[in-house]
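The values are calculated or read from the model by the stated rules, or taken from the named source; none is laboratory data. This one's a predicted model, so the numbers in the text were calculated from it and none came from an experiment. Cβ placement follows ideal geometry from the backbone for every residue including glycine, while neighbour counts extend to all protein chains displayed. Protein only, heavy atoms only, side chains kept; ligands, DNA and RNA dropped before computing areas. Shrake-Rupley method; radii C 1.70, N 1.55, O 1.52, S 1.80 Å.
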Amino acid sequence: VQLQASGGGLVQAGGSLRLSCAASGRIFSINRMGWYRQAPGKQRELVAIISNAGIANYADSVKGRFTISRDNAKNTVYLQMNSLKPEDTAVYYCSYYSSGNSYWGQGTQVTVSS
């Protein structure tokens, strides 16, 4: 499985960004896709994850501000990020999990200026 992420960039606090991640290769119908992030000097953490049935879970720090969604026909997951804060600054990684295997995208930088 290959994951291609896009949509990162530089935005002012309070602004919005939308990340996209397209999966290709051997895609199983039952899977979870999601986003993790890693800030400098910190461990990678879960941001949001969504099952193929559309059930989503979020980190407490992004609830009410971020929305994860997916298009199963396109094998694509999205992360709409609103009301961005400087502490959201990190490299965001797309993930795909199915049948005991995890795959990661290349990461996209999100920088929120104060």
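Those residues that are open to solvent by less than 30 Å² (accessible area, probe 1.4 Å) and part of a strand (DSSP E or B), I need them from the range 62-96; list them, please. Once the filter is applied, which keeps residues that are open to solvent by less than 30 Å² (accessible area, probe 1.4 Å) and part of a strand (DSSP E or B), the range 62-96 yields Phe66, Ile68, Thr76, Val77, Leu79, Met81, Ala90, Tyr92, Cys94, Ser95, Tyr96. So, of the residues in the range 7-23 that are open to solvent by 50 Å² or more (accessible area, probe 1.4 Å) and either assigned to a loop (DSSP other than H, G, I, E, B) or modelled with pLDDT under 95 (or both), which turns out to be farthest from Arg70 (Cα to Cα)? Out of the qualifying residues, it is Ala13.
Within the range 97-114, count every residue that is in a strand (DSSP E or B) and either surrounded by 12 or more Cβ atoms within 10 Å (Cβ to Cβ) or within 16 Å of the chain's Cα centre (by Cα) (or both).
Here is the first cut: in the range 97-114, the ones in a strand (DSSP E or B) are 97-98, 101-104, 108-113.
Applying the additional criterion that residues be either surrounded by 12 or more Cβ atoms within 10 Å (Cβ to Cβ) or within 16 Å of the chain's Cα centre (by Cα) (or both) yields 97-98, 102-104, 108-112.
So the count comes out to 10.
If you go through the range 26-40 and keep only what is at pLDDT below 95 and open to solvent by less than 90 Å² (accessible area, probe 1.4 Å), you end up with Ile27, Phe28, Asn31. The single condition among (1) open to solvent by less than 60 Å² (accessible area, probe 1.4 Å); (2) more than 19 Å from Ser24 (Cβ to Cβ); (3) of a type outside the set (D, E, K, R); (4) part of a strand (DSSP E or B) that Gly54 does not satisfy is (4).
Condition check: in contact with a strand residue (DSSP E or B) (Cβ under 9 Å, 6 or more places away or on another chain) and closer than 13 Å to Gly8 by Cβ. Does Thr67 satisfy that? For Thr67, the condition - in contact with a strand residue (DSSP E or B) (Cβ under 9 Å, 6 or more places away or on another chain) and closer than 13 Å to Gly8 by Cβ - is not met.
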